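Have a look at the structure below, then the notes.
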Amino acid sequence: MNGSPFHYLLLSLIALSFLFSCETAEKNEDSSTTEVPAFEMPRLPDWHKNATIYEVNLRQYTPEGTFNAFATHLPRLKEMGVDILWLMPIHPVSLARRKGELGSPYAVGDYLDVNPDFGTMDDFKALLKAIHDQGMYCIIDWVPNHTGWDNPWITAHPDWYTQDADGNIVDPLNPETGESWGWTDVADLNYDNPDMRRGMIDAMAFWVKDIGVDGFRVDVAHGVPLDFWEDCNKELYQIKPLFMLAEAAIPDRRNSGGFVMDYAWEMHHLLNEIAKYQGASRSDNKQLVQGNLVEGKDQHMEPKTALDIDTILAKNKVEYQQGYFMHFTSNHDENSWAGTEFERMGDGHLAFAVLTATFDGMPLLYSGMESAMDKRLEFFKKDDIAWGDYEYAPFYQKLFDLKHRNEALWNGEAGGALVKIPTGNDENIYAFTREKNGDKVIVIINLSAEEQALKLTGDNFEGTYSDLFSGEETILTKGWATKMAPWTYHVLHHEE
């Protein structure tokens, strides 16, 4: 039967309407799912390439010890040249089996909440926004190896924890001895349980996706299986580029692409040993000579000198294929348990700070160092930092500003390779150059407690430079020679 023209018009309109609705639905579906382009791990934000990092001990930072009180320090930290703020654990601290008055911040009571002593989740979100508004970034301390004893997982999922033969949850054990590390305030997580792994990934993803942090500093990253990090970090990088710092000093955490940075523990310990051998460390620098206590080299220990730095650098070059180190003269572990940089490094602490700020890697500054804090902060109770007048802020600001603008000092592949400059006195003087895209830095440091003579040889240092700290022009030629007072340094630079 033939239809009328009106009938055909009606059918055409219905068909067009159907096609339009399908196309619209398809577009809406596409817009709701953002496809992540293929990436290689680690998937990094661009800002990491010349960044510096600052560790925030929130509990001790202000008398209030809160997110809101810490926020008042953001402008001065920005001015000093800080880029990444690493906040020590912000989660609730377990009450069960707590050590000391306030417990360890690494005994996490709930992965999805904040410590009420610090404020509310909204307070943290406000702090995060303030950090971002300053042009800085925030990574939070994450504790995946263990939890506190009243974490909700303990009762809801006891099988997510390591248990002894009697089914009792145990604290972390030394895998080499099978004995407890002594971390009795925390319960060891069982990474043989796939459900626990899924729960850990989801908890970390919450802080990235829902809260907006820029990455993590991962506590005891070496104690968690590598294959977990390969799976976990791949999922996290799907959300957005992140900055991932491993508390580890084993190459596979970086070589796998899970983390971009780990700890330069071996180098740090060597710097402490050089200071000790030179008689700079406060606890070991006194010898009895003709009835008088005097400073001098520790003749009872194996000599540790600037030459040993090259041994570690050569070893690292072989073992590490990507990423870079975090270099430091102090952090929360060193400060509380081994001593301040003044105790460990004595008069050499600024010389070592120059080294760590110009080395091939990212420099770390710990809370209070800019105010010359010569105090071990209590770990399990309130112990406020006495801020004073920020005596060393200009010192660190100069170093961090140079790192920002001089490509030679940028991090990892973005920066220039470290090339040694022979001095004729390499046991005591450490000299090197770094160069990238026309930018160049020459660093010469007397890592000894005595005046030292040097003469630069080679052909990778000649030129005209500005001295970072004096502002004077320095012309380096072949055979350039000088004498340097104990623990002094030159940071010479030019930028294209």
| request: Kindly provide the set of residues from the stretch 385-437 that are among the β-branched types (Val, Ile, Thr) and either in a loop (DSSP other than H, G, I, E, B) or open to solvent by 40 Å² or more (accessible area, probe 1.4 Å) (or both), ordered by number. | output: ILE385, VAL419, ILE421, THR423
| Single condition HIS132 does not satisfy, out of (1) of a type outside the set (D, E, K, R); (2) open to solvent by 50 Å² or more (accessible area, probe 1.4 Å); (3) part of a loop (DSSP other than H, G, I, E, B); (4) touching a Cys at 6+ places or on another chain (Cβ under 9 Å) | (3)
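Within the stretch 461-492, which residues are hydrophobic (A, V, I, L, M, F, W, C), part of a strand (DSSP E or B) and crowded, with 18+ Cβ neighbours inside 10 Å?
First, pick out the residues of the stretch 461-492 that are hydrophobic (A, V, I, L, M, F, W, C): 461, 468-469, 475-476, 480-481, 484-485, 487, 491-492.
Filter once more, so that each one left must be part of a strand (DSSP E or B): 475-476, 481, 484, 491-492.
Listed by number, the residues that qualify are LEU476, MET484, VAL491, LEU492.
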| query | Quick check: is even one residue across the stretch 382-400 among the small types (Gly, Ala, Ser) and within 22 Å of the chain's Cα centre (by Cα)? | reply | yes
| message | Every residue in the stretch 124-144 that is out of contact with any Gly (no Cβ under 7 Å at 6 or more places or on another chain) and within 18 Å of ASP46 (Cβ to Cβ), please. | response | ILE131, HIS132, GLN134, GLY135, MET136, TYR137, CYS138
| query | Restricting to the stretch 341-363, what's the tally of residues that are over 18 Å from the mean Cα position of the chain (by Cα) and under 17 Å from GLU273 (Cβ atoms)? | reply | 9
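With ASP122, ASP150, ASP141 as the choices, which residue is open to solvent by 30 Å² or more (accessible area, probe 1.4 Å) and not in a loop (DSSP other than H, G, I, E, B)?
Working: ASP150 fails: not in a loop (DSSP other than H, G, I, E, B); ASP141 fails: open to solvent by 30 Å² or more (accessible area, probe 1.4 Å).
The conditions single out ASP122.
Name the one entry in ASN174, ASN233, ASN168, ASN190 that is in contact with a Ser or Thr (Cβ under 9 Å, 6 or more places away or on another chain) and loosely packed, with under 15 Cβ neighbours inside 10 Å. Give the derivation first.
Details: ASN233 fails: loosely packed, with under 15 Cβ neighbours inside 10 Å; ASN168 fails: in contact with a Ser or Thr (Cβ under 9 Å, 6 or more places away or on another chain); ASN190 fails: loosely packed, with under 15 Cβ neighbours inside 10 Å.
Among ASN174, ASN233, ASN168, ASN190, only ASN174 is in contact with a Ser or Thr (Cβ under 9 Å, 6 or more places away or on another chain) and loosely packed, with under 15 Cβ neighbours inside 10 Å.
In the stretch 83-112, which residues are among the hydroxyl-bearing types (Ser, Thr, Tyr) and over 16 Å from MET204 (Cα atoms)?
Taking the stretch 83-112 as the starting set, the residues that turn out to be among the hydroxyl-bearing types (Ser, Thr, Tyr) are 94, 104, 106, 111.
Answer for the stretch 83-112, where residues must be among the hydroxyl-bearing types (Ser, Thr, Tyr) and over 16 Å from MET204 (Cα atoms): SER94, SER104.
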| request: Kindly indicate whether any position in the stretch 371-381 is touching a residue at least 60 places away in the same chain (Cβ under 8 Å), under 21 Å from TRP86 (Cβ atoms) and out of contact with any Ser or Thr (no Cβ under 9 Å at 6 or more places or on another chain). | output: no
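With the structure loaded, tell me whether ALA357 is in contact with a Lys or Arg (Cβ under 8 Å, 6 or more places away or on another chain) and within 30 Å of LEU102 (Cβ to Cβ) or whether it fails that test. Show your work before the answer.
Values: in contact with a Lys or Arg (Cβ under 8 Å, 6 or more places away or on another chain): yes; within 30 Å of LEU102 (Cβ to Cβ): no.
Spelling it out, it is not the case that ALA357 is in contact with a Lys or Arg (Cβ under 8 Å, 6 or more places away or on another chain) and within 30 Å of LEU102 (Cβ to Cβ).
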| message | Whether any residue in the stretch 359-371 is modelled with pLDDT of 95 or more and of a type in the set (D, E, K, R) is what I want to check. | response | yes
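The values are calculated or read from the model by the stated rules, or taken from the named source; none is laboratory data. What you are looking at is a predicted structure, and each value in this text was computed from that prediction instead of being measured. Every residue, glycine as well, gets a Cβ built from its backbone with ideal geometry; the counts of neighbours run over all protein chains shown. Quick note on the areas: whole protein, heavy atoms, side chains included, nothing else; ligands and nucleic acids left out. Shrake-Rupley method; radii C 1.70, N 1.55, O 1.52, S 1.80 Å.
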